[in-house]
Amino acid sequence: MTVFDTLPLPNGSSLPNRIAKAAMEENMADADHAPSDALIRLYSAWADGGAGLLLTGNVMVDGRAMTGPGGVVLENARHLERFKRWASAGRAHGAQFWLQINHPGRQMPASLGQATWAPSAVAIDLGKMSRHFNPPQAMTEAVIVDVIQRFARTAQLGERAGFTGVQIHAAHGYLVSQFLSPLTNYRTDRWGGPLENRARLLAEIVKAVRAAVSPSFAVAVKLNSADFQRGGFSVDDAREVVKMLNGLDVDLVELSGGSYEAPAMQGQARDGRTLAREAYFLEFAQDIRAVAKMPIMVTGGIRRLAVAEEVIRSGVDMVGIGTALAINPRLPRVWRAGQQAAPVLSPINWKNKALASLANMATVKFQLRQLSRGRPTNARVSPLRALILQQASDAWRARKYRRWVSERAVS
């Protein structure tokens, strides 16, 4: 088995190879929070690169709840033609193209000026940087039900637009992940307490999405293999959640890890665990693969063909690649041609780990902006420069977002 073999999915479709362009948040929406021309150009580059599956960055199910400024929102059919253009660009060379659909919960920047909801009123702890996130309100039953319906509606609209699937984001400390973790879910009703209750939101979203789309439309889940915080969502929890998903017609589970508080998806974890330099979550994926009935994908740090092939030989079904494809969008084609490229960014060894995490994301987003403009990427870009540019862009986009929200309120 190699990364260039096809991968059959439970829904009857197949992926042309086992390399996925993993989700990376682009923050490139247009003024209406629909796909911009720049975003469409970016995905055209990835579509031409040869990956078998393209996953979008966060597509928000509620325009009032954003992971960041400049995010794409799909909550009604108003800008469906823009989404159709995006879907067409991503599928132009035979890849499947899935929307990653998400709600941030408490991980919404305070600069966006919106009420913040979470399973419980537990604020983010990022030390001095905590001020960038408002303390959340505990969600009512009505708000929870509304969120479930919104995930289903976004998936339904995505299928109408021509995407071939959705990935429900239940990792990285966003809303569904917050429900799963006992560190952020203190509820005593049917949505909290034992794991079965904490996993109820994810299960209900999966069922609602599956009921809203056709059987051939892929429904996937992105799940933390662990939170990498003591007392949080554990590997044993992840294994049990995958067992729950086995009976819900899920077509693929992607395993990652961490949150804003413990950014293990970037190779760092607050509890001091040592993660591999590449394929951070492979060990966890192999463990969970033993109980999963659907294909399993592992994402985190993969940049070399030899590592990708090792992941597949280990029994994991698919490799997700993010940063390396941000640097070289044609990496799958390069590998297929027999070249041993291994794109990598300059390391960031700042003492402030939260700031280093932001700088890392900024250097990745710098590459995405370059690709969206048809310009060469620069893996050696100064992290400080990238961070300053990103912060300026975020501030400008946050102002535009607040204006957009105000205009929606009066229209």
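The three principal axes of the Cα atoms in region 2-117 give end-to-end lengths of 47, 26, 22 Å, sorted in falling order.
In terms of overall dimensions, region 125-255 has a Cα radius of gyration and Dmax of 15.1, 47 angstrom.
A Cβ-based charge dipole, computed about the Cα centre of region 111-248 with Lys and Arg at +1 and Asp and Glu at -1, lands at about 200 debye. With every protein chain in place and a 1.4 angstrom probe, the accessible-area ranking of Tyr186, Tyr401, largest first, reads Tyr186, Tyr401. Panel note: the C-alpha atoms of the chain, placed on their principal axes, show extents of 54, 46, 45 Å (largest first). Measuring nothing but alpha carbons in region 318-383 and taking Rh as the Kirkwood radius, the Rg to Rh ratio lands at 1.01. Put simply, when 299-312, 370-383 are sorted by average Cβ atoms within 10 angstrom per residue, most first, you get 299-312, 370-383. Counting only Cβ charges, +1 for Lys and Arg and -1 for Asp and Glu, the dipole size of region 4-132 around its Cα centre is about 100 debye. Measuring against 20 Å, Cα to Cα, the residue pairs Lys128/Lys353; Lys84/Lys222; Lys207/Lys293 contain Lys84/Lys222 as the ones spanning a longer distance.
When the convex hull of its Cα atoms is viewed from all sides, region 47-92 shows a mean projected area of 3.8 nm². By definition, a body whose alpha carbon gyration tensor gives a ≥ b ≥ c is prolate when a/c is 1.5 or more and a/b is larger than b/c, and region 280-401 fits this prolate description. With point charges of +1 on the Cβ of Lys and Arg and -1 on the Cβ of Asp and Glu, referenced to the Cα centre of the chain, which listed residue (Ala238, Leu80, Ala392) lies farthest in the positive direction of the dipole? With unit charges placed on the Cβ atoms, the residue in question is Ala392.
Taking every alpha-carbon pair under 8 Å whose residues sit at least 6 apart, region 106-154 reaches a relative contact order of 38 percent. In terms of its Cα atoms, region 293-347 spans 36, 26, 16 Å along the principal axes, sorted from long to short.
Only DSSP H runs of four or more residues enter the estimate; each adds -39500 (n - 2.57), and after division by the residues of the chain the mean residue ellipticity at 222 nm equals -11500 deg cm²/dmol. If you wrap region 1-55 in the convex hull of its Cα atoms and look at it from every side, the mean projected area works out to 4.8 nm². Taking a point 7 angstrom from the Cα of Asp48 along the C-beta vector, which residues in region 313-354 have backbone N less than 13 Å away? Hits in region 313-354 for Asp48 at 13 Å: 329-331.
Between the C-alpha center of region 99-168 and that of region 382-403 there is a gap of 21 Å. Between Met66, Met318, Met244, the Gaussian network model of the chain with springs among Cα atoms under 10 angstrom shows the greatest mean-square fluctuation at Met244. Each Lys and Arg Cβ is given +1 and each Asp and Glu Cβ -1; about its Cα centre, the chain then shows a dipole of about 1200 debye. Under the definition of Cα pairs under 8 Å and six or more residues apart, what whole-number percent is the relative contact order of the chain? After rounding, I find 16 percent.
The values are calculated or read from the model by the stated rules, or taken from the named source; none is laboratory data. None of these values were measured; they are calculated from a predicted model. Please note: Cβ atoms are built from the backbone with ideal geometry, for glycine as well, and neighbour counts cover all protein chains shown. Just so you know, the surface numbers come from the protein's heavy atoms only, side chains and all, with ligands and any DNA or RNA stripped out. Shrake-Rupley method; radii C 1.70, N 1.55, O 1.52, S 1.80 Å.
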